[in-house]
Amino acid sequence: MELLQMKATELSEKIKRGELGVEEVVNFYRERIRKTEPEIHAFLTLNDAALAERTAEVQEGIKSGRYQGKLAGVPIAVKDNICTKGLRTSCASKMLENFVPAYDATVAERLNAAGMIVIGKTNMDEFAMGSTTETSAFALTKNPRNQSHVPGGSSGGSCAAVAAGEVPLSLGSDTGGSIRQPAAYCGVTGLKPTYGSVSRYGIVAYASSMDQVGPIAGNVSDCAALYEVLAGNDPKDGTMTRKERKLSLPEFSDAAEAAEAVKGVRIGLPKEYLGEGTTDEVKEAVRQAAALLERNGAAVEEISLPLTEYVVSVYYIIACAEASSNLSRFDGVKYGYRAEDAEGLHAMYRKSRSEGFGEEAKRRILLGSFVLSAGYYDAYYLKALKVKRLIKEEFEKVFASYDCILSPTTPTTAPKFGKSLGNPLQMYLGDVDTAAVNLAGLPAISVPCGFDKKGLPIGIQFIGDWFGEEKLLCTVAAYEKLRGVFPAAWEKERGESAGMRESKAVLETGRKEGAEWNK
């Protein structure tokens, strides 16, 4: 259990100093996966065939000095919509069930160049379309906090793997909240970077104008270290806009240093994000966080983002329109699933797509095709693009006066299995707190801040200015230090730890402060 208590950066330091071997670390996590996977089902494919060779190569690279980065020697899980050479990439869909890429996505190349070890591919909602990971064609991933509840989605497998201690780090993709929402549900930390700061080359596209790969970890500093590995210019991706990727993130030794970091930080708290549909427990948790930051010198003020009521509608019109275009390439001809016994080309197209795609993917393709069709393009899609621009301008006005925005990550905690899929519209409304960030291309991070009465984690979201990851992560790292240790899901395996007791004390203090702040 000692390895589980270490940050990923600490693991790497011990490996580079020779206190731990790469093989020892990899074998530890392989054993964790063997132990927990029968219950959690976070992975779709394990990299067993190439793992021994890659482990030896990384160990030699660290010894020779070739791999000296902050995360050298650290195992990582990768969401199954990110291409990995020689390792199946299915997007959790029957359509790509047996697809093995001949190349690596740029982010996968960067993991390899940093001396990290891809241990496997994680489950997800089919083609990243969903909020619970229930639309996967192959597995039902469970929330390590409570296995009768969903882990969130679409990066549910990646977040569940970190929460269960199966890996210290993972990669997810975020189109409307697909990193931050499952991070909140599972009680881990997930960063959605600024659009254009991380290459999308080799990512199976859902909505190209909003898709963004980002890191998932147990803490802010590990997220920051992994972001450094991922970010930076890539000539293969025409939407990349910045070359810089180095961060200067302080390590706070105590709460006093953290308080100094947040002193004078101007934080906006949008009233629309605490409105109807958000549970009282989530509202209380956000106000507790606001009270904690304010008590330590931050200036927290209520702000208004009136266009929030249009966010979900605009997001789903644009996302589904782009999905209908992107998924048209899966037709049974070039690669992927092909139906048998189809008579003629058009029948083969129809049958392959009918059998290869799941219900949620079909729903979004149909909706996207409708809003792009003649007669409806101007009424829906073009209008949505105009409102998207207005949403971006609304954020621009806020960031002229504030350093970051604080909000809930989700309006509720993780629902039980079956509750969301039975009501797709209600599932879509769950993106109300996260989707605006993707429409505007902003960076945002979800960190755990407390629990509801059922013991399920509550996440809060910090939203930063464009390419303001350093300032954003510094503020959130300071909050993390002030909040105290947050209990990990795997800690229940050994009973209540000192960290859990400390966290409970901090959270209880926060409840009292939040009540006073709310008055």
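Considering Arg266, Arg180, which residue is touching a residue at least 60 places away in the same chain (Cβ under 8 Å) and crowded, with 24+ Cβ neighbours inside 10 Å?
The match here is Arg180.
Scan Glu284, Glu309, Glu302 and give me the residue that is open to solvent by 70 Å² or more (accessible area, probe 1.4 Å), under 28 Å from Ala400 (Cα atoms), in contact with a strand residue (DSSP E or B) (Cβ under 7 Å, 6 or more places away or on another chain) and modelled with pLDDT of 95 or more.
Glu302
Which one of these does Ser446 not meet: (1) among the polar types (S, T, N, Q); (2) out of contact with any strand residue (DSSP E or B) (no Cβ under 6 Å at 6 or more places or on another chain); (3) not in a helix (DSSP H, G or I)?
Among (1) among the polar types (S, T, N, Q); (2) out of contact with any strand residue (DSSP E or B) (no Cβ under 6 Å at 6 or more places or on another chain); (3) not in a helix (DSSP H, G or I), Ser446 violates only (2).
Which one is surrounded by the most Cβ atoms within 10 Å (Cβ to Cβ) among residues in region 1-26 that are at pLDDT below 95 and assigned to a loop (DSSP other than H, G, I, E, B)?
Within region 1-26, the match that is surrounded by the most Cβ atoms within 10 Å (Cβ to Cβ) is Met1.
Considering each of Val432, Val437 in turn, give the residue that is open to solvent by 10 Å² or more (accessible area, probe 1.4 Å), touching a residue at least 12 places away in the same chain (Cβ under 8 Å) and among the aliphatic types (A, V, I, L, M).
Only one candidate passes the filter, namely Val432.
Going through Gly165, Gly130, Gly120 one at a time, which residue ends up being open to solvent by less than 10 Å² (accessible area, probe 1.4 Å), part of a loop (DSSP other than H, G, I, E, B) and either more than 23 Å from Arg364 (Cβ to Cβ) or hydrophobic (A, V, I, L, M, F, W, C) (or both)?
After applying the criteria, what remains is Gly165.
Within region 390-429, take every residue that is more than 19 Å from Ser154 (Cα to Cα) and without any contact (Cβ under 8 Å) to a residue 40 or more places away in the chain and give me the one that is most open to solvent (accessible area, probe 1.4 Å).
Lys397
Cβ-Cβ under 6 Å, sequence separation 6+ or interchain: first residue in region 458-472 and within 21 Å of Ala183 (Cα to Cα), partner modelled with pLDDT under 95. Which pairs?
Glu470/Leu247
Per-residue answers, yes or no, for (1) without any contact (Cβ under 8 Å) to a residue 60 or more places away in the chain; (2) under 25 Å from Glu493 (Cα atoms):
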| position | (1), (2) |
| --- | --- |
| Glu24 | yes, yes |
| Ala56 | yes, no |
| Lys63 | yes, no |
| Gly69 | no, no |
| Ala77 | no, yes |
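Give me a count of the residues in region 27-49 that are in contact with a Gly (Cβ under 7 Å, 6 or more places away or on another chain) and either outside any strand (DSSP E or B) or farther than 13 Å from Lys79 by Cα (or both).
Qualifying residue count, region 27-49: 3.
I'd like the residue in region 344-376 that is under 28 Å from the mean Cα position of the chain (by Cα) and outside any helix (DSSP H, G or I) and, out of all such residues, is farthest from Phe99 (Cα to Cα).
Among residues in region 344-376 that are under 28 Å from the mean Cα position of the chain (by Cα) and outside any helix (DSSP H, G or I), the one farthest from Phe99 (Cα to Cα) is Gly358.
The values are calculated or read from the model by the stated rules, or taken from the named source; none is laboratory data. Everything quoted here is computed from the prediction, not taken from an experiment. We place every Cβ from the backbone using ideal geometry, glycine too, and count neighbours over all the protein chains shown. Remember, those area values only see protein heavy atoms, side chains included, never the ligands or the DNA or RNA. Shrake-Rupley method; radii C 1.70, N 1.55, O 1.52, S 1.80 Å.
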